[in-house]
Amino acid sequence: MTDAHRSGCPINLSLEVFGDKWSLLILRDMIFGGLRHFRELQNGSREGIASNILASRLRHLVDLRMLTKRSDPGHKQKTIYSLTEASIQLVPVMAALGTWGRRWLPVTEDLAIRARLLEEGGQELWDRFMAELREEHLGIPAAPPPDGKTVRARLHEAYLATLTA
């Protein structure tokens, strides 16, 4: 164990990566919202992340190899952030956090619908979603969606349906 870590406990080490709310929320917005650019992440954050905090957390997540970054070929002044396999593997963790939050906290139906669908879909849905994220972020081809809609599209449709209900 190095002095850079408080201990070798897996929970402690995980919290050293995700111990602030912003890191997980950035990953949430990338996973569920498909956001990939700085301005998209800043403007798409319901929680209102400040630009200096976003820049700091993106650097931190890149340094930890949770994200990669590259120049956007369509706009040289923009950077595209991509999830790594380590971040994609957080889908079940995000699903578990959403399930716990739905049970114990005062959530709103529109923002809890994705968590409910992820809980109901279980491992099969999570695996499908992770395969789609690997295709989007890592270039690893995924099989076509069984019903023609990606998991993200299905989750977004459910969210929109709660807004009109």
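Consider the candidate values (i) 14; (ii) 18; (iii) 32; state which one is percent of Cα pairs over 30 Å apart computed from the structure displayed.
Comparing each candidate, only (ii) matches the computed number.
Taking N as the number of residues in segment 1-97, what is its Cα Rg relative to 2.2 N^0.38 Å?
With N residues counted in segment 1-97, Rg over 2.2 N^0.38 Å equals 1.11.
Just the accessible area for residue 152, please: 1.4 Å probe, Å², rounded to the nearest 10?
So the heavy atoms of residue 152 present about 50 Å² to solvent.
Using alpha carbon centroids, what distance separates segment 99-143 and segment 1-62, in Å?
Value for the Cα centre distance between the two parts: 18 Å.
How large is the dipole of the chain about the Cα centre if only Lys and Arg carry +1 and Asp and Glu carry -1, each at its Cβ, rounded to the nearest 20 debye?
440 debye
Using the reciprocal of the averaged 1/r over all distinct C-alpha pairs, how large is the Kirkwood radius of segment 114-165 in Å?
So the Kirkwood estimate lands at 11.7 Å.
Just name one of 45, 23, 55: the one whose Cα is farthest towards the positive end of the charge dipole of the chain (beta-carbon charges, Lys/Arg +1, Asp/Glu -1).
My answer, from the dipole projection, is 55.
Expressed as a rounded percentage, what relative contact order does segment 1-149 have, with Cα pairs under 8 Å and six or more residues apart?
Working: 129 pairs, mean separation 23.5, N = 149.
Computed over segment 1-149, the figure is 16 percent.
In a shell of Cβ-Cβ distance under 13 Å around residue 130, excluding residue 130 itself, what net charge do Lys and Arg (+1) and Asp and Glu (-1) give? Please report the intermediate quantities before stating the final value.
Numbers: positive: 128, 134, 152; negative: 85, 124, 127, 132, 135, 136.
Charge balance in the 13 Å sphere: -3.
Just by accessible area at a 1.4 angstrom probe, what is the order of 151, 107, 62 from largest to smallest? Each step should come with its number before you reach the end.
Numbers: 151 0, 107 75, 62 40 Å².
Sorted descending by solvent-accessible area, the residues read 107, 62, 151.
Keeping every protein chain present and rolling a 1.4 Å probe, give me the accessible area per residue for the chain in Å².
Working: 9800 Å² over 165 residues.
The answer is 59 Å² per residue.
Could you work out what % of the accessible surface of the chain is carbon and sulfur, using a 1.4 angstrom probe and leaving DNA, RNA and ligands out of the count?
So the carbon and sulfur contribution to the accessible surface is 56 percent.
Before rounding to the nearest 500, sum -39500 (n - 2.57) across all DSSP H runs of length at least 4 in the chain and divide by the residue total; then give [θ] at 222 nm in deg cm²/dmol.
Computed mean residue ellipticity for the chain: -20000 deg cm²/dmol.
The values are calculated or read from the model by the stated rules, or taken from the named source; none is laboratory data. These numbers were taken from a predicted model, which means no experiment stands behind them. Here the Cβ is made from the backbone with ideal geometry for all residues, glycine too, and neighbour counts use every protein chain on show. The protein model used for the area step is the full one, side chains on, heavy atoms only, and it has no ligands, DNA or RNA in it. Shrake-Rupley method; radii C 1.70, N 1.55, O 1.52, S 1.80 Å.
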